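Please treat every number below as a calculation from the coordinates, not as lab data. Note that this is a predicted model, so its numbers are computed, not measured. So basically every Cβ, Gly included, is an ideal-geometry build from the backbone, and we count neighbours across all protein chains shown.
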Amino acid sequence: MYKLSKYNIEVGVVENQFLLFNSVTRAFATVDPLARDIMADLGTYSASKNPAVVERVATMKKGGFIVPESRDETGLLVLQREAARFHSEVLTLILAPTMNCNMACPYCFEKKVSGNMSEEIMNKIISFAEDYMNENVVKEVSVTWYGGEPLLQKDTIYLLSDKLIALCAQKNVAYNADIITNGVLLDIETAKRLVERKVFSAQITIDGTRDYHNKRRILKSKEDSFTPIVNNIQAVKDIINIRVRVNVDKDNIQDVESLIAYFTNELGWGNNPMFYLAPVRGSMEFCLYDENICLQDDQFSGLELELTQFFLEKTPESARHTLYPSRLALFCQAEGRGSYVIDPDGYLYTCWQNVGAKEFAIGHLDGPAFENETYIKWLSNPLPHACLECSFLPCCQGGCGYERIHNDTAQCTFQTFSYIEKLKLAFIYHMNQTKATETAD
């Protein structure tokens, strides 16, 4: 016997076609009248010998739209989630060589402390990584350079990168890296030296056209930050992959359209570099921002959907892949073993939103027992009942673990509010492509 999957999502009727998406298998299908009849009376139709019915039932089984009646779909997802927590073959290191920064952005959530990573701490990171690889099956080491502003300590990045790359070569483990930087110090020479050390991508934030950006991305020197950042991106975009993040709230939302026009029409950005929008959050402990200025997720998702539509028209081949919800084992690796944020003093954290706040550390390189209350919370944090009952669970896995642990609440991701509209866009794009092909033939 079979039943309908609880993870079927009714997308609605588009161009006279009823659309159905399954968030476990990511199957996306049109449902004809016969298939809808089968779904309405599955018990009767699943035993039918009618060839048309048999064919529809087989297709629905393959797409995961119907599943064996005995299958505990939610239980399987929870098991897969727990497996992902403890059996990752990737060691993820988020390394902050300094918590100093040359900017003073009002929405920054990080605790600003002085001090840079010493050679002693660097060597302890190498020992930590080696011990982890000796004790676990590791196929890849993935490093993100973070801060503060990590490029204030370029030599640390170069030296520690060389040591990690050598260790991975010795262990026959793959290595890759990226960097999150404000871009002020990312000149051509720096980009080349980073790429030599397998840092192949960089995330840089621009928060609006020049005047808006300079009010929000504030250099401590009070000088213009917009111009050097844009100039650096233009200079290095063919050396290192650049992703431009645009933080959005109620203060700069009216400038987003002008910024996108500037990026695309004047600079020719879109694919190289690509850019995306991100909502500002005001709930972090060290954030100086007024949370009332932050956009609600449904407000932000509408804006992000407009940008998606824009990219679908401008760069359809790359944009169409962003229209389908991803299947996640964990929302964030911070809830799993094998991902560690390490600050300049050698303290370890699960989540980079805690970095620098030593009261939230899960251990230290001198002796990371990982037995404190904070780490236990991160590795045992259950999903709320509402999340377990939600058909979008495979796509979001309960959202941000930080919110559930520190604010005792589950918060739907902004993507949840636009999944269905993006799927409609995907279908319309598919239909237009089909019509264009038929016309050409």
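Among 230, 78, the order by Cβ neighbours within 10 angstrom, fewest to most, reads 78, 230.
Relative to the longest principal axis of the Cα atoms of the chain, the long axis of helix 51-62 lies at roughly 20 degrees.
Size descriptors for the chain (Cα atoms only): Rg and Dmax, in that order, 24.1, 77 Å.
Please report the relative contact order for the chain, taking Cα pairs under 8 Å with a sequence separation of at least 6, and give it as a percent rounded to a whole number.
Numbers: 727 pairs, mean separation 76.4, N = 441.
The value is 17 percent.
Taking the charge dipole of the chain about its Cα centre, with +1 at Lys and Arg Cβ atoms and -1 at Asp and Glu Cβ atoms, the residue from 90, 309, 58 reaching farthest to the positive side is 58. Here is how the number arises for the chain: DSSP H runs of 4 or more residues each give -39500 (n - 2.57), the sum is divided by the residue count, and the result at 222 nm is -11500 deg cm²/dmol.
In order along the range 182-195, phi translates into HN-Hα couplings of 7, x, 5, 9, 8, 8, 4, 4, 5, 4, 5, 5, 5, 4 Hz, rounded to whole numbers, per the Karplus curve 6.51 cos²θ - 1.76 cosθ + 1.60 with θ = phi - 60° and x for Gly and Pro. What number comes out for the charge environment of residue 173, summing +1 per Lys or Arg and -1 per Asp or Glu over other residues with Cβ under 11 Å away? Local net charge: -1. Of the cross-linked pairs 124/171; 198/237; 163/220; 314/424; 6/377; 154/237, which ones have a Cα-Cα span greater than 22 Å in the structure shown? With Cα atoms farther than 22 Å apart: 163/220; 6/377.
When the chain is treated as a GNM with alpha-carbon contacts under 10 Å, the residue of 335, 257, 55 showing the greatest mean-square fluctuation is 55.
Relative contact order (percent) for the range 2-71, with alpha-carbon contacts under 8 angstrom and 6 or more residues of separation? Once normalised by length, the contact order is 37 percent.
Positive end of the dipole of the chain (Cβ unit charges, origin at the Cα centre): among 40, 190, 347, the Cα lying farthest that way belongs to 40. Taking 0.36 nm per residue of separation and subtracting the current Cα-Cα distance, fully stretching the chain between residue 266 and residue 170 would add 29.9 nm.
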